[in-house]
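Reviewing the structure listed below.
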Amino acid sequence: MSFGHLDLSRVVGSGEYSDMKLVCQGCEFKVHKVVVCTQSPVLAKAIQGVFQESRTGIINIENFEPSTVSRMVEFLYTGDYGGLLFPHTEASRSDEIKKPALNDITASGMMLQHVQVNAIADYYNIERLSELSRSKFQQACQATWDAQSFMDATNGALDLSGDGALHEVIATEAAKNIHTLLEIDHFAGIIGDFGTRVLRNCIKKAEVDRYKVIQLQLDLEQEHSKLQAAEARVDRIIENIGRCLQTMRERGFCRNHSCMAEYQCYIERRGQSFEPVYTLRCAKCKCRD
Ligand SMILES: [Zn+2]
């Protein structure tokens with residue numbers, strides 16, 4: 001979301017003109033209804049309805065970590081999240097000042113982070129954040145594939161997020177790496193023993209089919225070479241016959257000096273059966289032309 005020349009990160013960081021608070025495990029995020037409610041119909045409903053939240057302007061967030069809330073706030077103000085936890089968000093506790101801890105970002109942490117953001121986006125119905133978190137999740141999977149981290153993130157996604165599109169992304173990535181995943185007990189734990197059997201058989205069948213396709217490609221290439229060779233032979237035979245016809249047209253007498261008969265010839269066939277070679281011979285002295 002763009003507000004032109006306004007530095008929105010400074011506005012939310014300082015809490016200036018804030019008219020709404022998100023509170024998560026004692027951390028406060030001083031935000032603005034115009035920014036938050038225009039992007040989350042769920043938070044808009046909560047703050048505008050007849051609920052206690054609409055009187056106090058405070059929304060308590062219980063199902064998510066402060067670090068995840070921070071990323072959501074960062075997105076609401078900047079359209080992105082992730083480089084840093086929203087650095088200017090003074091998430092403070094009244095009794096104990098505590099900023100959300102910066103996660104040390106391992107591959108596993110990275111994927112899980114995007115799953116958590118996806119879950120909060122799904123919960124508060126922030127569609128563009130759902131999309132962004134899915135795309136970041138996919139990038140993280142592809143950048144550093146690690147089966148165990150992927151499984152942790154998959155567990156998290158299935159537990160935390162109802163976003164079917166994220167589940168689809170995970171299923172797609174799982175399919176790409178199915179051989180390594182099938183070696184992990186944890187994976188069987190998720191899809192079940194029967195699911196594992198079905199998958200193993202699908203893979204076996206796909207391998208047989210792939211082998212057949214390769215074989216067919218080789219056969220096709222071989223047939224193509226044969227066809228090319230046959231076409232070349234036909235060209236040579238036609239050229240050979242052409243030369244014979246030309247000789248018959250042009251020659252008046254046998255070229256053999258001791259014969260010199262008026263030229264009458266017959267055709268002799270030599271060569272292989274698949275590529276005959278035609279030669280003219282004088283009918284009188286059998287001299288080859
Ligand atoms: Zn002759």
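Think of the chain as having a plus end and a minus end, set by charges on the Cβ of Lys, Arg, Asp and Glu; of Y278, G162, I58, Y278 sits farthest toward the positive end of this dipole. With a Förster radius of 25 Å applied to the C-beta separation of D159 and V198, the computed FRET efficiency comes to 0.60. For the chain, the share of alpha carbon pairs falling in successive 10 Å distance bins from zero is 6, 19, 18, 11, 8, 6, 6, 6, 7, 6, 4, 2, 0 percent.
Distance from the alpha carbon centroid of segment 241-289 to that of segment 187-215 works out to 68 angstrom. For segment 103-181, rounded, prolate or oblate, judged on the Cα gyration tensor with a ≥ b ≥ c (square roots of eigenvalues), a/c < 1.5 rounded, else prolate if a/b > b/c? Prolate is the answer for segment 103-181, as a/c is 1.5 or above and a/b outweighs b/c.
DSSP finds beta bridges in the chain, and of those with both partners inside it, around 85 percent are antiparallel.
Counted by Cβ distance under 14 Å from C37, the other residues give a net charge of +1, where Lys and Arg count +1 and Asp and Glu count -1. Relative contact order of segment 103-181, taken over Cα pairs closer than 8 Å and 6 or more residues apart, is 38 percent. Summary value for segment 212-282: 24 percent relative contact order, contacts being C-alpha pairs under 8 angstrom separated by 6+ residues. Applying the criteria of a DSSP loop state and at most 11 other Cβ atoms within 10 Å to the trypsin sites (Lys or Arg not before Pro) of segment 13-73 yields no site. Taking 0.36 nm per residue of separation and subtracting the Cα-Cα distance, full extension of the segment from E250 to V208 would add 8.8 nm. Highest mean first, the peptides 267-274, 196-203 sorted by other C-beta atoms within 10 Å per residue fall in the order 196-203, 267-274.
At full extension, N63 and I241 could sit 55.1 nm farther apart than now, given 0.36 nm per residue minus the alpha carbon distance. Summarising the label geometry, the points placed 7 Å from Cα in the beta-carbon direction at A261 and S54 lie 12.1 nm from one another. Close Lys pairs in the chain, defined as Cα atoms under 23 Å apart and 8 or more places apart or on different chains, number 16. Neighbours of V198 by Cβ distance under 14 Å: Lys/Arg scored +1, Asp/Glu scored -1, total +3.
Every number here is computed from the coordinates shown, using simple stated rules; none is lab data. Since we're looking at a predicted model, the values are computed, not measured. Cβ: placed from backbone, ideal geometry, glycine included. Neighbour counts: every protein chain shown.
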